[in-house]
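This is the structure I have questions about; it appears just below.
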Amino acid sequence: MRFGVAMVAMALIGCGSGWAGRAPVELGDEAAETAEPFVAELAVGSFHTCARLRGGTIRCWGMGARGQLGDGAAAQRARPVVVAGIDDAVQVVAEGDRSCAVRADGSVWCWGFNAVPELDEEVRRGRAQAQPVAGWREVRQLALGFDHDCAVVGDGSVVCRGQGTRGALGDGGMMATGPVTVVRLESVAEVAVGYAFSCARTNAGEVLCWGWNEYGQCGDASGRDHLTPSPVPGVTGAVALTAGFDHACALLADGTATCWGGDTFGQRGDGGGATVGLAAPVVGLRDAAEVAAGQYRTTALLFDGTVRGWGREWGPERALWPECAEPREHVSVAAPSERRQAPPEPYCPVPTTMPLTGASQVVVGQLHACVRTDDGRALCWGSNAYGGLGDGGVTDRAQPTPVAW
């Protein structure tokens, strides 16, 4: 089963290489080298990637100037380096310029730059080695956001910390406090965090959201922020959950998915163009095993190891969704003070096939993407400007390239 933690990743916003005319990459065709570690989970920040290996150690690569690689050097790495002091991780999470691990005892250790303002200044400046985060205990699943974080803890309740503006912490207030227990939540299986809003999936398959609701992120069209959790109308039988910048999606038990919230770049996948969106089925999606939202895009992994994606493109070459049947362009409305109009940004409003097979997880960063295969390998493609592909070089790749361990 591929059901698991729905990964929260940031947007892919620029890549100079295209997929057009390329055949799908058979990720399972080549036998893994015996010396290659088995990757159990991938996590991606803006310009770096981390892999949790079988056994509980973590290795990271890419941009490391803010300590997000955890090797103590605060430097860019083109090949994976070992995160010092972590040998029993059960989850790895990344966001922006930081990374975190949930350890076997339920504690959370983080490294890199943290924008959450309620943390001490030393942590916010960045640490190049993993350090325990006070207040996180008995954590079963962790979700990171730019302004706040949430976790499912041992008793099935949800604890959030960080900036509570617009009700993002779910405790009924709008102050930067933490950790705080989200009110009116119990028996939670999973949380997902967007910008200033959060959602939770219960063991019964219900989804509840709270916080910023300008674009329907809480599942209704009221435009009013929610200070405490409220059920997303029409969503039942959810088995996985994910959130982007201003949208969220739930994977349902029948292999379909439904999304709600903002849709500026088609990230809901319902083919519509309304700014505010109630929960609606993703067009044509069937047999999905996992969903993962980036900033303004979403991907779905199918049970046959293929991948579908929709939302914002990498760039004008349509490198991410070259097979999109309904390509569209978003044109930003320039402010009167601006001298020139922003260039159109392409996007795909419905799921399109990504040229990959044999995948078991896909994660996307600002300029690169990585995939984990069923046999535990990691391959990356896109921009290699910051070493994000982990292949030891600096050349951009239009095809998934094995990480050089």
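If Rh is defined by the Kirkwood formula over all Cα pairs and Rg also comes from Cα, what ratio Rg/Rh do you get for segment 290-405?
1.03
Between [x] 44; [y] 18; [z] 10, which matches percent of Cα pairs over 39 Å apart calculated for the structure shown?
[z]
Need one number: nm distance between label points at ALA104 and THR165, each 7 Å from Cα along Cα→Cβ, rounded to one decimal.
Spacing of the two 7 Å Cα→Cβ label points: 4.1 nm.
Per-residue HN-Hα couplings for segment 220-234, Karplus 6.51 cos²θ - 1.76 cosθ + 1.60 at θ = phi - 60°, whole Hz, x for Gly and Pro?
Per-residue couplings from phi come out as 10, 9, 6, x, 8, 5, 10, 7, 9, x, 9, x, 7, x, x Hz.
A follow-up question, please. I need the calculated FRET efficiency for the pair ALA221 and GLU323, taking r as the beta carbon distance and R₀ as 25 Å, to the nearest 0.05.
About 0.20, to the nearest 0.05.
Going 7 Å from the Cα of ASP375 toward and past its Cβ, which residues in segment 391-405 have a backbone nitrogen under 18 Å from where you end up?
400-405
Another question, then. Can you pull the Rg over Rh of segment 43-191, Cα-only, Kirkwood?
Rg divided by Rh gives 0.97.
Still on this structure, I have one more. For every helix of n ≥ 4 consecutive DSSP H residues, a contribution of -39,500 (n - 2.57) applies; sum these over the chain, divide by its total residues, and give [θ] at 222 nm rounded to the nearest 500 deg cm²/dmol.
0 deg cm²/dmol
Still on this structure, I have one more. Heavy-atom accessible area per residue, the chain, 1.4 Å probe: how many Å²?
38 Å²
Okay, next question. Can you compute log10 of I(q)/I(0) for segment 201-261 with the Debye formula, treating each Cα as one identical point scatterer, at q = 0.15, 0.17, 0.18 Å⁻¹?
-0.38, -0.49, -0.55
Something else about it: Of the candidates GLU323, GLU313, GLU41, which one comes out as most mobile in a Gaussian network treatment of the chain with C-alpha springs shorter than 10 Å?
Taking springs between Cα atoms under 10 Å, the residue moving most is GLU323.
With every protein chain left in place, what is the accessible area of ILE58 in Å² (1.4 Å probe, nearest 10)?
Probe radius 1.4 Å; accessible area of ILE58 about 0 Å².
Let me ask something else. Please state, to two decimals, what the Cα-based radius of gyration of segment 208-310 comes to when divided by 2.2 N^0.38 Å (N = residues).
So the Cα radius of gyration is 0.98 times the expected 2.2 N^0.38 Å.
May I ask you to rank CYS110, CYS199 by accessible area, largest first, using a 1.4 Å probe over the protein chains only?
If we order CYS110, CYS199 from most to least accessible, we get CYS110, CYS199.
Expected output is a single nm value to one decimal: the length gained when fully extending between VAL183 and THR57, i.e. 0.36 nm times separation in residues minus the C-alpha distance. What is it?
The VAL183-THR57 span can extend by a further 41.9 nm.
What's log10 of I(q)/I(0) for segment 257-314 at q = 0.12, 0.23, 0.31 Å⁻¹, Debye sum over Cα points only, no solvent?
-0.24, -0.86, -1.35
Counting only protein heavy atoms and using a 1.4 Å probe, what share of the accessible area of the chain belongs to carbon plus sulfur, as a whole percent?
The computed percentage sits at 50.
The values are calculated or read from the model by the stated rules, or taken from the named source; none is laboratory data. Since this is a predicted model, take the numbers as computed values, not measurements. Virtual Cβ from ideal backbone geometry, glycine too; neighbours counted across all protein chains shown. Side chains are part of the model used for accessible areas, which takes the heavy atoms of the whole protein and leaves out ligands, DNA and RNA. Shrake-Rupley method; radii C 1.70, N 1.55, O 1.52, S 1.80 Å.
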